[in-house]
1. Mind giving me the nanometre distance, one decimal, between the label points for B:L225 and B:D59, set 7 Å out from Cα along Cα→Cβ?
2. Which helices count as membrane-span-like in chain A under these terms: full DSSP H, at least 18 Å along the axis by C-alpha, Kyte-Doolittle mean of -0.5 or more?
3. Roughly what percent of Cα-Cα pairs across region A:300-374 reach past 22 Å?
4. What percentage of all Cα-Cα pairs in region B:61-100 are separated by more than 16 Å?
5. Report the dimensions of chain B along its three principal axes from the alpha-carbon atoms, largest first, rounded to Å.
6. So how long is each side of region A:217-289 along the principal axes, counting just the alpha-carbon atoms, biggest first, in Å?
7. Could you compute the FRET efficiency for A:L397 and B:H174, with r as their C-beta to C-beta distance and R0 at 35 Å, rounded to 0.05?
8. Using only the alpha carbons of region A:100-237, determine the length spanned along each of the three principal axes and report them from longest to shortest in whole angstroms.
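Values quoted throughout were computed directly from the atomic coordinates according to the rules given, and no laboratory measurement underlies them. Because the structure is a prediction, the values reported are computed rather than measured. For neighbour counting, all protein chains shown are included, and Cβ atoms are generated from backbone atoms with ideal geometry for every residue, glycine included.
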Amino acid sequence: MLFNSLDFAIFLPIVFILYWFVLNKQLKYQNALVVVASYVFYGWWDWRFLSLILFSTLVDYAIGLALSKQQNSRKRKVLLWISIIVNLGFLGFFKYYNFFIDNFVKAFSFFGQDIQPNTLNIILPVGISFYTFQTLSYTIDVYKKQLEPTKDFISFAAFVSFFPQLVAGPIERASHLLPQFYVKRQFNYNKAVDGLRQILWGLFKKVVIADNCANFANTIFDGYESYSGSTLALGAVFFAFQIYGDFSGYSDIAIGTSRLFGFDLKQNFATPYFSRDIAEFWRRWHISLSTWFRDYVYIPLGGSRGSKGNQIRNVFIIFIVSGFWHGANWTFIIWGALNAMYFLPLLLRGKNKINTNVVAENSMLPSVKEFLQMGVTFGLTVIAWVFFRAENVSMALDFLSRMFNMSLFTIPQIRPTSLLLFLIIFIAIEWAGRTYVFAIERLWFKYPKPIRLFIYYVLVMLIFLYGGKTQEFIYFQF
Amino acid sequence: MKRFLLHTVLFLLLLLASFFMVFSMADGTTDAYYKKLSSPKQASLIVGSSRASQGIHPDMIDSVYGSNNMYNYGFTIIGTPYGKAYFNSIANKLDRKDKKGVFIIEVTPWTLSEYEFSSMNDNKYPEDDNYIAKTVFVNMNPNIEYLIESFKSKNEAIVRNKNRKGAYQTFFVHDNGWLEVTIESDMFSKISRTKNKIESYRKKIPEYSGFSEYRLDYLIKTITLFKEHGEVYLVRIPVIKEMLEIENELVPGFDKKMNELAKDSEIPYINMMPLNLDYDYTDGNHLTIDSGKKFSLDLAIQMDKFRKNKTLK
């Protein structure tokens, strides 16, 4: 079920009313409703894949209980590995099987051996990368004794399948979300209104910004051979805003929806395009995934400690794994490696943590230096996005070589005036609200309520009038 | 909680009223289909492809033949070939109370051919998922079902398109369903469009695998349905020679098949193709506005002759 669909517009109020009015007396009934609603939400795409979620839930629930009873460290490790193998096994099979087979074939044919392996027609279950990582965090934390395993199966099932963030995050940690299922939720007017406001902003980002940018980005990328360098650059910028609007929009809707049900999810984006360097960008982009890799991969590898060689190795591992998490294609791996190369000079010079505050925190406009820093960081990010968007590596390289020539300094062949206007307004609002969790959280609070309501009304009407053709969220494929 | 619900419901009502207001502005400028799918049920229909949609003027038929409020319910060869989807839509559009209707069924080899897509997709036809299949309520105004499910443009186009009526490169669907396409009429533009159209239709041939029994079945069902409610005419609209050659390649002996069908169904088949040099075309495939009027007039005369002959018999 898509957030930006009529189905969800009907589904959400039904679940909301059942949750607060019919089943509000008993916590376990409310949690059971969350599980049922989540399975309906997920099954709307393909009910067959519900078995995968259920199986992951059963395995990790059982392993959590077994870990609590087991004191032998070797046996505890075996239990942890069972969880890792089951979860990553599913992920590996559904997402990476054909990739590895294809690359083995290419490698063998390179050495003069032609093999005919069986490739499978595998459908990627929506959101498998997200819920796999979420449920893995539970077993790892229980293994590390940082979290008490739960005996409440319904709460655990609700944690694994929680519908607002099931298919595209934020990837929640068990230590943060699971305990919220143990306590009775109280309806809070302000929290619910904040949730609606965040849903509104998420929908605006997705429907008005991302979907409209997608139309032009797709046109330019699909026919890139016939466009000038400036048009290709514009196409790459449109894609940068498409993926930001799409993914951060989804996160906003997920977080806002959770708030309607009394839950708090982690912030997943913090105006990343206003970052002054790549390190800051990665602290602000897909925060829940970055911190997951940091805590479960980077730090166990040694992080930024140890020799320079180890530091370089760890940075490359974390970024390449992150790239590979996004998709079974060399383009994602190169995208990750490119970001590692951007990041490495900062780490090696010890300058990766200098921009930890919000840019121009106490002023309306950035300084010239900050402006240039943001421009360079955004430019580097856009170049990396070309690899993310391209169908293969040679296309990305060809795209970039055609982009960086004299035609870069000509007037673009495609100039969508209304979209550019929307982007300017969007950037202005994001800039004005950059200190908040989401841009419009407190943005217009200095105005009287009727004026604020009118602004929200205008935003909804813009979504209604200028919403592009309904498109799936990009991150569903990851 | 009550305060939250009250405020949310009030805000939603305001929004729904605003959405409804925008939808209410949809009309013949919105797109080439909306008006046809939002007009009342009709007793006399013209059905077929874009050739019929643009080329048959209901008012001309009414004035000569004496029919009462003919309605043009033709769409496109891709959107409405004869099949389950179009048949259901026609059946929903038909005012079944009236038994004195007049029906023109336009036929072309394209709308009666098997599309390769179907054999690749377990006999699922391309039109089974399009606007014609999805729009169940074909006489609702404003047609919210169509605007939400099938309208391809952004909703702002409903408002913006209202200003472009009559402008070049636009279209307008009249109250009687006739699709008026305003397009450059200079010779250079016509030659260029014709060349492109011929090329694109020639490229389409490999996508088809000849005459379709499935489509023929639904054409027969359409004829049977119409016969219960009035007089039925099977019509072929002329095109230029090059286009006819492509169609002959697509379905050899098409006219013979139509003649046999007409004979079996006891309805006239009016093949206007031999008169193709009498008319002018925007792209070799669609009649110009003036030629459409002349064609409609000629067609109405032919229909009238058939009616008189039938009466004499």
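1. Result: 2.8 nm between the two label points.
2. On the way: long enough: A:27-46 (29 Å, 0.47); A:50-69 (29 Å, 1.51); A:73-91 (27 Å, 0.88); A:97-110 (20 Å, 0.57); A:128-143 (22 Å, 0.50); A:189-203 (21 Å, 0.00); A:229-260 (46 Å, 0.73); A:308-326 (28 Å, 0.54); A:330-348 (26 Å, 1.57); A:368-389 (31 Å, 1.15); A:417-432 (23 Å, 2.28); A:449-466 (25 Å, 1.71).
The answer, listed by residue number, is A:27-46, A:50-69, A:73-91, A:97-110, A:128-143, A:189-203, A:229-260, A:308-326, A:330-348, A:368-389, A:417-432, A:449-466.
3. Working: 1129 of 2775 pairs.
The share of Cα pairs beyond 22 Å in region A:300-374 comes to 41 percent.
4. Details: 375 of 780 pairs.
Cα-Cα pairs in region B:61-100 separated by more than 16 Å: 48 percent.
5. Ordered largest first, chain B gives principal extents of 75, 47, 44 Å.
6. The Cα atoms of region A:217-289 stretch 51, 27, 17 Å along the principal axes, largest first.
7. Working: r = 53 Å, r/R0 = 1.53.
The pair A:L397/B:H174 has a calculated efficiency of 0.05.
8. 60, 44, 25
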